[in-house]
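The next block holds one structure in the form of C-alpha cells; read it before the comments.
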Amino acid sequence: MKDLLEIEDLVLKFYTYEGVVEALDEVNLTLKEGETLGLVGETGCGKSMTALSILVLVPSPGKIEGGHIFIEQGEKRLDLLGQKEPFLRKIRGDEISMIFQEPRVYLNPVYTVLDQISEVYMQHRLKELCQMAIKEIDNEIESGKAGSLAEFEKSMCRELLENPTSPMLEIAARIPILNRYKRRLKRILRKEVVEILKNMEIADPERVVDMYPHELSGGMAQRVIVAMALACNPRLLIADEPTTNLDVTVQLQILNLIRTLKKKYGSSILYITHDMGVVAELCQRVAVMYAGSVCEIAGVMEIFKDPLHPYTKGLLESIPQPGKEFKSIEGTVPSLINPPTGCRFHDRCPYALEVCAKTKPKMIEVKKDHFIKCHLFTGDQE
Amino acid sequence: MNTLIKTHGLKKYYAVTGGVLKRKIAEVKAVDDVSIEIKKGECFGLVGESGCGKTTLGKTIIRLLKPNGGSIFFDAPSELLEEVEKLENNDPDSKRLKELRKQYDLSIFRGSKLRHMRRKMQIVYQDPTTSLDPRMLVKDTVGEPLIVQKIAKGAEARKRVVEMLKKVGLTEKQVYRFPHEFSGGQRQRIAVARALVVHPEFVVLDEPTSSVDVSVRAQLLNLFKELQKDLGLTYLFISHDLSIVECISDRVAVMYLGKIVEFARTEELYKNPLHPYAIALLAAIPVPDPTLKRERVILTGEVPSPINPPLGCRFHPRCPKVMETCRREEPRLRDLGNGHFVACHLF
C-alpha cells in the first residue's frame, strides 16, 4: 500500500501569557491508502491538534514551528505546510475533510441542513453541477419541453462554468426571470443532498433536508456532519471523537455507518478517540499519543496483544475489567508549558531509567510495522 | 442485608408549559412508576441512555426533587416495610398506612425534618467544574454542609474538612485554593469530600467519572471502592458506561424512558440479559479486544420523546422481537427467581 499522508517531526507551539505551550513535539505518523488509523490518548495530549495541523487550521496563538506534512498527489509528494491559503481551501473538504466531536456546535443553527451541505458542493463541485444543469437543459430542448429562455439559461450556466465572477451573472442573479439558472442549480443540489443523506441511513431524507439543526437528535446531527464530510468523496477523512457524546446504541450505529461508508467511498480514515474499545472494533493500526508526541505505532492486534511502551501498557490496564482491581497510571498528565525533560513520560513511568530524564528517545522500529519511542528498546542504557 | 431505601410507584413528571398564560400543555414523564429496593452497604448501578430519567430518579430518591406520586422509605425497619406493602396492596386508604407514611415516607417530608434527613444522603454530580463554586475556597466548599447541618463550626469544621480531604487523597495545603487550580480528577475528589463530610449513609454518584480521562477514572473508582469499605456507604451509581457499572456494582437496574425494564445481580445481568433492550445495550459496548467478532443486534432509531411515550411497552417501536400484545399492554416487572426482574411480555 502507498502512503497517503506522512507527518514528519511536526512541532507545534502555543504562545500564551503563561508561557510557551509545547503542544506537539516531533510527531511522526504515516497513513496508508485505504486504512483506518486510530489515534489514541488522553485529553490534552495533542490528538486534535495533530488533526487540525493536517488541515493547516491551527487556532491562534498556535504556530507550527517545524516539520512537514506530506500528502500524496498523483506521483508527487506535496508539503501542506507552506502552501498558500487558496490552494488549501481547495484541499479542505475536497481531499481531506473532518468530522468534529460535537455535531451541534459545528452546525450553523440558522441554516437548514440543505443549505449547509450544499455549501460544500458549491465550493468544490460547482463545475460538475453546471455540467449537469447544461445536460438537463439540452435534454429539455431536444424533447421540445424547453421554454423560450432555455438558450439564455444555458449560456448563464456556461458563464458560471467558465467565469464564475463575471458581472453578467451578478446582474442576472438579481432579475427574477433571468435567475432561473440559479433555481435549476438549487433543484439539482437538493437531489444530490437527498441522495447523500439516504446513504447516511437517515430515515425520510426529503423531510430532514429542510430541518434546522435544533430539530435533529444527536445521532442525526452527527450523520449530517458525516454527510457533509463525505459529500466530495475525500481521500482522507479525519474523525475527531465523533461518538463521544452519543449513547452506546447510537454510537454503534455511527460506527457501522463509518465502516460501510469506508468500503463504499474508499477513503482512508484517521480516527481520533480515547476509547480503546472503539479502536479494537474499527481500526487496522493504532498510534498512541502522550503529552504531545506519538509514543507507539503498531497494528491493532499487536497493540492489544503485545504493547511495548509503558504508557500503552498502563492505558490498556486502566480499562476496567470485572472481577479485577482497577489499575491506574500513577500521577497526572504533565503540563505542556514546562514538560518533563527527556522522555515526557519518565516521571510516571514504572520502568524509568536514568537516561530517560536526560535525552529524548527516538522513534525506532522494533518489529515489523511496530514503531516505538522508548529508551528501554533503543539499547542506550547508560 | 437490610433494606436502606425502598421506593414504591415513584413518579416524577415535569410540566411543559405553553401559551400566554403558561398553562400546562403536556407532561414529560421522566420517572414513571419506579419501584426499587436498595440494600444497606451495596452499590446499586443504574444504567440507560441519556434522557431516560436516570438522574431524575437519583435526585428524586434523595428528595432534591419532589415526586408527583409514590413513596420513598429511607431506613425504615423491615417489619414496617412488610406491613406497608401489605397495606398498600390490600387497603391503600387505611389510617394506619397514612400514619406510617407520615412517619417514614421521605416523599412527604418537609422543612426541618427533611433537612435532618438530608444529612444522611448526599450526591456527587457529573461535572465538577460546574458543581463547584468557582469563587469559593476548597475549605469553604467542603465545610459548607457542616455549617448548614449545624454539625460543626470554626476550628472544629476545619479539622473535619482537612480530615476528609486527606481521606479522598488531597493534602492539607490545598484547603486555601480555588477549584480552577485543580485538575479534573482532583476537582471530583473535592466534590466527593463535600458529599462525605457530613458522614452520610447513602450517596448518589451521578456519572462521577464521565468527565475525566481513562487513567484518572481508575483512580476515582478505586477511591469510591475504598471509601465504601471504610465508611460503610451505600451507593446509587448512575452511569451510561456499562463497563464501569459492571465492575463496581453489586446489582444493576436498566432504565428505558422512565421505567425500569430489568434488574438483577450484576453477574446475572451481564451474563444473561433477558430484556431485548438490555441485550442490545450490552451488545453495543465496544470491547477492547480486536480478536472478538460478535453477532449483535443493532437497534434502529433513537429514544422516543418522553412527552408522548409509545403505548403499551415503551420499547416496542425499536424492539426486534415485538409481538402483538406489546403494542397494547404495558408489561409489569416480574420476578423470574434469583432476584432477576424483567418487564417484558416475552417472559
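Data table
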| item | result |
| --- | --- |
| Some residue of the range B:74-87 being surrounded by 14 or more Cβ atoms within 10 Å (Cβ to Cβ), more than 14 Å from chain A (Cβ to nearest Cβ), within 15 Å of the chain's Cα centre (by Cα) and under 20 Å from residue B:260 (Cβ atoms) | yes |
| Hits in the range A:257-280 - residues which are aliphatic (A, V, I, L, M), over 11 Å from residue A:242 (Cα atoms) and assigned to a strand (DSSP E or B) | A:269, A:270 |
| Unique residue being modelled with pLDDT under 90 and over 24 Å from residue B:31 (Cβ atoms) when the list is B:317, B:310, B:286, B:304 | B:286 |
| Hits in the range B:311-332 - residues which are under 24 Å from the mean Cα position of the chain (by Cα) and surrounded by fewer than 19 Cβ atoms within 10 Å (Cβ to Cβ) | B:330, B:332 |
| Near pairs, Cβ below 6 angstrom, 6+ apart or cross-chain, from the range A:316-342 (within 11 Å of chain B (Cβ to nearest Cβ)) to any residue that is of a type in the set (Val, Ile, Thr) | A:318/B:214; A:320/B:244 |
| Single residue of A:345, A:326 found to be more than 31 Å from the chain's Cα centre (by Cα) and either of a type in the set (S, T, N, Q) or surrounded by 20 or more Cβ atoms within 10 Å (Cβ to Cβ) (or both) | A:326 |
| Considering residues of the range B:273-291 that are over 19 Å from the mean Cα position of the chain (by Cα) and in contact (Cβ under 8 Å) with a residue 60 or more places away in the chain only, the residue surrounded by the most Cβ atoms within 10 Å (Cβ to Cβ) | B:275 |
| From B:66, B:86, residue being outside any helix (DSSP H, G or I) and either of a type outside the set (Asp, Glu) or in contact with a Phe, Trp or Tyr (Cβ under 9 Å, 6 or more places away or on another chain) (or both) | B:66 |
| Selection within the range A:51-106 - polar (S, T, N, Q), touching a residue at least 60 places away in the same chain (Cβ under 8 Å) and under 18 Å from residue A:235 (Cβ atoms) | A:97 |
| Leading residue by the ranking (farthest from the other protein chains (Cβ to nearest Cβ)) among those in the range A:222-234 that are surrounded by 22 or more Cβ atoms within 10 Å (Cβ to Cβ) and either among the hydrophobic types (A, V, I, L, M, F, W, C) or out of contact with any helix residue (DSSP H, G or I) (no Cβ under 9 Å at 6 or more places or on another chain) (or both) | A:231 |
| Given (1) assigned to a helix (DSSP H, G or I); (2) within 22 Å of residue A:117 (Cβ to Cβ), index of the condition residue A:252 fails | (2) |
| Residue ID - surrounded by the most Cβ atoms within 10 Å (Cβ to Cβ), chosen from residues in the range A:53-86 that are farther than 17 Å from residue A:4 by Cα and under 18 Å from the mean Cα position of the chain (by Cα) | A:58 |
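One line per residue, one yes/no per condition, for (1) polar (S, T, N, Q); (2) under 27 Å from residue A:196 (Cα atoms); (3) in contact with a helix residue (DSSP H, G or I) (Cβ under 7 Å, 6 or more places away or on another chain); (4) surrounded by 15 or more Cβ atoms within 10 Å (Cβ to Cβ):
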position	(1), (2), (3), (4)
A:122	no, yes, no, no
A:148	yes, no, no, no
A:151	no, no, no, no
A:163	yes, no, no, no
A:167	no, no, no, no
A:178	no, no, yes, yes
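The values are calculated or read from the model by the stated rules, or taken from the named source; none is laboratory data. Not measured: the values here are computed from a predicted model. Reconstructed Cβ throughout: ideal geometry from the backbone, glycine too, with neighbour counts over all protein chains shown.
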